[in-house]
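**Student:** Structure provided below as structure tokens; questions to follow.
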Amino acid sequence: MADVYTSVGVVVGLGLAWLTGWNWLDPVIAILVGVNILVVGYRLMSESASGLMDATLSPEDNARIQAILDAHAEPGRIEFHAVRTRESGARQFMEMHMLVPGDWTVLRGHDAMEDLVEKIVAEFPAMRVTGHLEPVSDPRSYEDMAL
Ligand SMILES: [Zn+2]
């Protein structure tokens, strides 16, 4: 739409300059057209760039995910960290570390993770969840939180 205004503006401006003999109108219009092209160009570039790059989910969706995790957490026993979400086209991805008591069996830890993933996917059908299970009492579990 803005490019239509640019073309109309140029024609109207040149017409005015010609009709009125105000020659200063010509460079003023040229500057305005130049600024308009820069603005439109910047907007097109940033729109297409953000479509190409993965981005985190919306703050609302991230809050909903955090609420699901909070509902599963038991401070000191079951905790979560390194929670990251991203959207790539129609797909959503989520990573998280689930910290559980170290004496849980693999079966119990896996069951707990599967239950949680089920809850998340029930609310976010396009979501692929990758979970990392860690013992809550091991200091090494906390060394991998940075991006
Ligand atoms: Zn971790």
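The values are calculated or read from the model by the stated rules, or taken from the named source; none is laboratory data. Everything numeric here is computed off the predicted structure, so don't read it as measured data. Cβ: placed from backbone, ideal geometry, glycine included. Neighbour counts: every protein chain shown. Surface accessibility is based on the protein's heavy atoms, side chains included, excluding ligands, DNA and RNA. Shrake-Rupley method; radii C 1.70, N 1.55, O 1.52, S 1.80 Å.
**Student:** If a residue must be part of a loop (DSSP other than H, G, I, E, B), under 24 Å from LEU133 (Cβ atoms) and open to solvent by 40 Å² or more (accessible area, probe 1.4 Å), how many such residues does region 50-94 contain?
**Tutor:** 4
**Student:** I'd like the full set of residues that are modelled with pLDDT of 75 or more and among the polar types (S, T, N, Q), limited to region 1-22.
**Tutor:** Selection gives SER7, THR20.
**Student:** Being within 16 Å of the ligand (Cβ to nearest atom) and assigned to a helix (DSSP H, G or I) is the filter here; which residues of region 110-147 pass it?
**Tutor:** ALA112, MET113, LEU116, PRO139, ARG140, SER141, TYR142
**Student:** Which count do you get for residues in region 95-147 that are among the aromatic types (Phe, Trp, Tyr) and either within 20 Å of the chain's Cα centre (by Cα) or open to solvent by 80 Å² or more (accessible area, probe 1.4 Å) (or both)?
**Tutor:** Kept after step one, since they are among the aromatic types (Phe, Trp, Tyr), are these residues of region 95-147: 104, 124, 142.
With the extra rule that they be either within 20 Å of the chain's Cα centre (by Cα) or open to solvent by 80 Å² or more (accessible area, probe 1.4 Å) (or both), the set shrinks to 124, 142.
Total meeting the criteria: 2.
**Student:** Kindly evaluate GLN92 against the criterion of being touching a Phe, Trp or Tyr at 6+ places or on another chain (Cβ under 8 Å), without any contact (Cβ under 8 Å) to a residue 40 or more places away in the chain and of a type in the set (S, T, N, Q).
**Tutor:** Against the criterion (touching a Phe, Trp or Tyr at 6+ places or on another chain (Cβ under 8 Å), without any contact (Cβ under 8 Å) to a residue 40 or more places away in the chain and of a type in the set (S, T, N, Q)), GLN92 qualifies.
**Student:** The conditions are (1) modelled with pLDDT of 95 or more; (2) away from the ligand (no atom under 16 Å from the Cβ); (3) of a type in the set (D, E, K, R), and GLU87 fails exactly one of them. Which is it?
**Tutor:** For GLU87, the exception is condition (1).
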